[in-house]
Structure formats: structure tokens, C-alpha cells
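One structure below.
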Amino acid sequence: MVADHTVKSFDEELKRLNQVISQMGGLVEAQLQSAVDALVKRDADAAAKVVREDARIDELEQQASQLTLRLLALRQPMAVDLRQIVSALKISSDLERIGDYAANVAKRAVALSQLPHVRPIHAIPRMARLVQQIIKDVLDAYVELNAAKAVAAWQRDEEVDEMYTSLFRELLTYMMEDQRNIGPSIHLLFIAKNIERMGDHATNVAEDVYFLVHGRPLGQERPKGDQTSFTVVTTGSGAAGKPEEVQP
């Protein structure tokens, strides 16, 4: 994706920057997968490893920042070169945040491994797989300079929001059925929110790719399917003595 320049060292530095971004992306995908696996398997040791390995993503973000600052200061890039460098800096920041959210999921997985199993946990891996695919697609779009692929991934974030809203409602109802479910359900709510936020950062990357390719913002309203801010919980009981349904 790097164009040839008169100064060979400029090309090499750009290639190195892209390699760092690709390495970050691979680590972020792996961290999300490992965190969710640890959650499902109730493996506190595996979850703790995810938390420790977040430092590697932070180191790579620092490398990306140093490379971009060097390129801006010494090469004074223009046009597409400038967009490429600035986009790489923004993308590395979003990837670092996704890594932080994966570590947060792992921390909650450690806590949940010590609590009773909760039924709605099955929805978390499905949601995580979708976000993982979006992350992969936007990173592929970055490498390929494929704006269409970036936009397609960007549009799928609405699916993530809808899954989060559904899980949010399910967990609220689950907590209302039995107060003993409140503790583990709250951990799952935070996990689901962390995964939903990963999707938001992936859409940021998609927008950066579009700008990199076309030199202008995407110019569309970001699709949102998260209705949890409008959710109303009915505290009364139905005819069977059970909590009434959570209404959006």
C-alpha cells in the first residue's frame, strides 16, 4: 500500500509503520479471542495472561507514535503521504483502546470464574465473533486501501449494537428473576459493553481508511442499534408472579 518515493528510507519507514499497525491488529484480535475463551472456560489463569499481554499492544502503539512523529518532523509529507501517516497514528490509538477493552473483559472473566454460572453468557461469544470479524475486515481494508470493504464493515456495527441491546434486556430480566443473579450479571453487562465499544473503535478505523483512500470524511451518519439508553424496567409482577418484560 506504500507508493515508491525518491528517498528510499522514506519508503522503508512507511513500511515499518504499516508493519507495526498490522502487528497491533493481529495482537488485538488474538487478545479478544483469548479473553472470551477464558470467560467461557472460566479459566482465571488464561484471563490473567490476557491482562499481562496488553502491555505489548501499548508498546507497539508507542512505536507507531514515535514513527509517525519522526516521519512528520523529518519528511514533511504532503497529500496522500500525510493522510497515510495521520491515519496510521489514529488507527494505532483505536487499536490500543480495543486492546484495553479486551483486557477489561479478561479482568471480569477472572471475577466470574469465582461466581456461579449465569445462563446469558452464551451470547457473549457470538457478539465477540462479530466484532472480531469487523476488526479483521477494517484492518484488511487498511492494508488493501479498500474503501468499499471498510464501509461494509462500518455498516455491520449496527448488528453489534442490536446484539448488545438484546443481551442488555435479557440480563436485566435475569437479575429481576433472582437477586442472586445480580453480581455475575453485572459483570456480564460490563463485558458486553466493552465488546460493543470495541466495535465502535473498529468503525473509527473504517472511517480513517475511507479518508485515507478518498481524502474526505465518509459523510454518512454512523448506524446505531443500541437502544439501552431508552430501556425501561417494569418493577411490577405479572399474573404468574414473575417480573414483567423489560420494554425498550
- Task: Sort SER92, SER22 so the one with the fewest other Cβ atoms within 10 Å of its own Cβ comes first.
- Result: SER22, SER92
- Query: Helix 8-41 versus the longest principal axis of the chain: what angle, 0 to 90°, nearest 10, using Cα atoms?
  - Reply: 10
- Item | Total charge dipole magnitude, the chain, about the Cα centre, Cβ charges on Lys, Arg, Asp, Glu only, Debye to nearest 20 | 300
- Task: Using the number of other C-beta atoms within 10 angstrom as an exposure proxy, rank THR173, THR203 with the fewest first.
- Result: THR173, THR203
- For the chain, what is the per residue volume of the convex hull drawn over the alpha-carbon atoms, in cubic angstrom? 113
- Query: Cα axis of helix 157-177 to longest principal axis of the chain: angle in degrees, 0 to 90, nearest 10?
  - Reply: 20
- Query: Relative contact order for segment 8-226 using alpha-carbon pairs under 8 Å, separation at least 6, rounded to a whole percent?
  - Reply: 27
- Query: How much length is gained if the chain between ARG16 and ASP45 is pulled fully straight, taking 0.36 nm per residue apart and subtracting their Cα-Cα distance, in nm to one decimal?
  - Reply: 7.1 nm
- Item | Ranked ARG119, ARG216, ARG169, ARG108, criterion: other C-beta atoms within 10 Å, fewest first | ARG216, ARG119, ARG169, ARG108
- Task: Mind pulling the angle between the C-alpha long axis of helix 44-75 and the longest principal axis of the chain? Nearest 10 degrees, somewhere in 0 to 90.
- Result: 30
- Computed, not fitted: 222 nm per-residue ellipticity of the chain from DSSP H runs ≥ 4 (each -39500 (n - 2.57)), nearest 500, equal to -26500 deg cm²/dmol
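Where a number appears in this text, it was derived from the coordinates with a stated rule and is not lab data. As the structure is a computational prediction, the values presented were derived from the model and not from experiment. Neighbour counts run over all protein chains shown; Cβ positions are idealised from the backbone, glycine included.
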